[in-house]
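*Asks:* Quick one: this structure, given as structure tokens, is what I'll be asking you about.
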Amino acid sequence: MTDRATWTLSGFGDEIDADPVVQTAVLQALGASFIEVRSAWGVNIVDLDAAQLDRLAAVFEERGMGVSAIASPVGKVDVALPVEHEVERLGRAIAAAERLGSRYIRLFSFFRAEGVAVESIRDDVMVRMRALADRAEAAGVILLHENEKDIYGDTPERCLDIVETVGSPALRLAWDSANFVQVGVARPFDDGYALLRPHLEYLQVKDALSATGEVVPAGEGDGQLLETLTALRDDGYAGFASLEPHLTDVNALGGFSGPAAFGRAGRAFRLLTDRIGVTLA
């Protein structure tokens, strides 16, 4: 290829270490100049106060690090909670985005109680997603729905249902191949890419084994990463690729890898992008 596509490399800093200084150092060693912020000093991004946000912004500014997205926990709660509960938390995520200079906020489409059919929560999910999109529109930010396992939007069909039903320019999709594999989407690229590509704005990078659900570095699982990345290249994708390895621990609020495993994940992803002629900057 004569004209190489260029994507902007980022990653979940708190998968490396609780300290943002260590987070930025490891990401920059991997060639990234952006970071996705889920927590700092062990505090979730929506719980950082104004002084902490100023301190975090100073760390990034001093080191020339941009913020690709605010990885908020909004929508990672039971759908039975009042609409206002997550709209208020989104307000805090928006404040963080404004202070840290990002236009993107990651969110989810709600859990349900054990034994509750997913179809039965659809209307409640749409009411909440519409309210969140309204708040985002007013603030001038873009919400990125992640296909987290066991929320309403955990399959390609239900992700599409959300964005088409809400119909907001402030609601787009983040693609996570590993999460699709973990909910039984055997071939994420074959089963979901064409369906979701018109709404896809952000790439989260991890892979998983369909037999066990274990998360593995990009290209080492069943998430059809190579096919997906190649199609994104051919479609002219020019956005963020954010490393979210989940290689040593997974919990209700996210995952952890540590510097060494995070580096392994970054190198595995770069092997794939080098193979298809994509530059990571």
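*Asks:* Does any residue in the range 100-120 that is loosely packed, with under 10 Cβ neighbours inside 10 Å come within less than 7 Å, Cβ to Cβ, of a residue that is at pLDDT 95 or above and of a type in the set (D, E, K, R) six or more places away or on a different chain, and which pairs are these?
*Replies:* Listed by first residue and then by second, the contacts come to 113/78.
*Asks:* Looking at the structure I just gave you, is residue 127 more than 23 Å from residue 52 (Cβ to Cβ), of a type in the set (A, V, I, L, M), surrounded by fewer than 23 Cβ atoms within 10 Å (Cβ to Cβ) and touching a residue at least 40 places away in the same chain (Cβ under 8 Å)?
*Replies:* yes
*Asks:* From (1) surrounded by fewer than 20 Cβ atoms within 10 Å (Cβ to Cβ); (2) among the charged types (D, E, K, R); (3) over 24 Å from residue 241 (Cα atoms), pick out the condition that doesn't hold for residue 149.
*Replies:* (3)
*Asks:* Any idea which of 74, 79 is closer than 18 Å to residue 173 by Cα and buried (at least 18 other Cβ atoms within 10 Å of the Cβ)?
*Replies:* Exactly one residue qualifies, and that residue is 74.
*Asks:* Could you please tell me which pairs satisfy a Cβ distance under 6 Å, a separation of 6+ or placement on different chains, a first residue in the range 216-232 that is buried (at least 22 other Cβ atoms within 10 Å of the Cβ), and a second residue that is among the small types (Gly, Ala, Ser) and in a loop (DSSP other than H, G, I, E, B)?
*Replies:* These pairs meet every condition: 225/218; 225/219.
*Asks:* Go through the residues of the range 172-182 one by one and say whether even a single one is surrounded by fewer than 24 Cβ atoms within 10 Å (Cβ to Cβ) and over 16 Å from the mean Cα position of the chain (by Cα).
*Replies:* No, that holds for no residue.
So that you can scan it fast, the table gives a plain yes or no per residue for (1) among the charged types (D, E, K, R); (2) in contact with a Gly (Cβ under 8 Å, 6 or more places away or on another chain):
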position	(1), (2)
16	no, yes
25	no, no
28	no, no
43	no, no
46	no, no
54	yes, no
61	yes, no
67	no, yes
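*Asks:* Here is a further query. Do you know which residues across the range 228-243 are assigned to a helix (DSSP H, G or I) and among the polar types (S, T, N, Q)?
*Replies:* 228, 230
*Asks:* Counting only residues that are hydroxyl-bearing (Ser, Thr, Tyr) and either part of a strand (DSSP E or B) or out of contact with any Gly (no Cβ under 8 Å at 6 or more places or on another chain) (or both), which one in the range 164-179 is farthest from residue 240 (Cα to Cα)?
*Replies:* 165
*Asks:* Report yes if some residue within the range 153-163 is in a loop (DSSP other than H, G, I, E, B), touching a Cys at 6+ places or on another chain (Cβ under 9 Å) and over 17 Å from residue 246 (Cβ atoms); otherwise report no.
*Replies:* yes
The values are calculated or read from the model by the stated rules, or taken from the named source; none is laboratory data. Owing to the predicted nature of the structure, the values given are computational and were not obtained by experimental measurement. So basically every Cβ, Gly included, is an ideal-geometry build from the backbone, and we count neighbours across all protein chains shown.
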